[in-house]
Amino acid sequence: MSAASSEYGICRLDLDTSGTHGWQVRLQRKGVRFTRFFADESWGGRDAAQERARQFRDRLLSRLERRDAGRVRSHALPAARNRSGVVGVTRVINIGVNGIEYASWQAAWSPKPGVRRRIRYSVLRYGEDEAFRLACDARERGITRKGE
């Protein structure tokens with residue numbers, strides 16, 4: 001671990017009003033929080049408590065990495081609420097000012113951080129199956145061009 005990240009997940013707590021002084025390790029993975037406090041007094045001083053906090057954090061990260069090794073990243077699989085079965089492809093219904101519903105299949109992707117792209121294919125124009133296929137193809141092209 002680099003010097004810049006040597007305190008990753010560790011913060012100093014000095015609460016004079018309650019007499020609390022020490023280091024707290026706080027990490028979160030997949031919605032589960034892991035936390036532990038290392039009091040200066042219990043661990044033989046500020047530096048010793050900090051070292052124990054680092055050791056705990058490193059063991060915890062190692063355990064979490066082993067647990068998650070080989071798993072597919074969550075954003076690569078469709079969410080439970082995904083009805084299309086394809087990540088980034090959604091069926092969209094817009095209601096025009098005349099009250100008529102217009103259905104389309106939308107492909108969405110992010111070519112770089114902070115930038116979103118999307119394209120829609122009309123079910124009325126292409127038909128249900130072809131609009132879906134075009135959206136899937138557009139998404140695939142969009143994410144494969146990501147590194148270009």
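We did not get these values from a lab; they are worked out from the coordinates using the rules stated. What you are looking at is a predicted structure, and each value in this text was computed from that prediction instead of being measured. A quick note on method: Cβ atoms are made from the backbone with ideal geometry, for glycine too, and the neighbour counts reach across all protein chains shown.
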In whole percent, what relative contact order does the chain give with Cα contacts below 8 Å and a gap of six or more residues? 12
In debye, nearest 20, what is the charge dipole magnitude of the stretch 74-144 about its Cα centre with +1 on Lys and Arg Cβ and -1 on Asp and Glu Cβ, if you could check? 360
What translational D, rounded to a whole number of µm²/s, comes out for the chain from Stokes-Einstein when the hydrodynamic radius is the Kirkwood one over Cα pairs, at 20 °C and 1.002 mPa s? 108
In Hz, Karplus ³J(HN,Hα) per residue of the stretch 92-108 (6.51, -1.76, 1.60; θ = phi - 60°; x = Gly, Pro): 10, 10, 10, 10, x, 5, 7, x, 7, 8, 10, 9, 8, 9, 10, 9, 9
So what are the ³J(HN,Hα) numbers for the stretch 23-30, from phi and the Karplus equation (6.51, -1.76, 1.60; θ = phi - 60°), rounded to whole Hz, Gly and Pro as x? 10, 10, 9, 9, 9, 9, 9, 6
Tell me, what ³J(HN,Hα) does each residue in the stretch 41-48 have, in order and in whole Hz, if you take phi through Karplus 6.51 cos²θ - 1.76 cosθ + 1.60 with θ = phi - 60° and put x for Gly and Pro? 5, 6, 10, x, x, 4, 5, 5
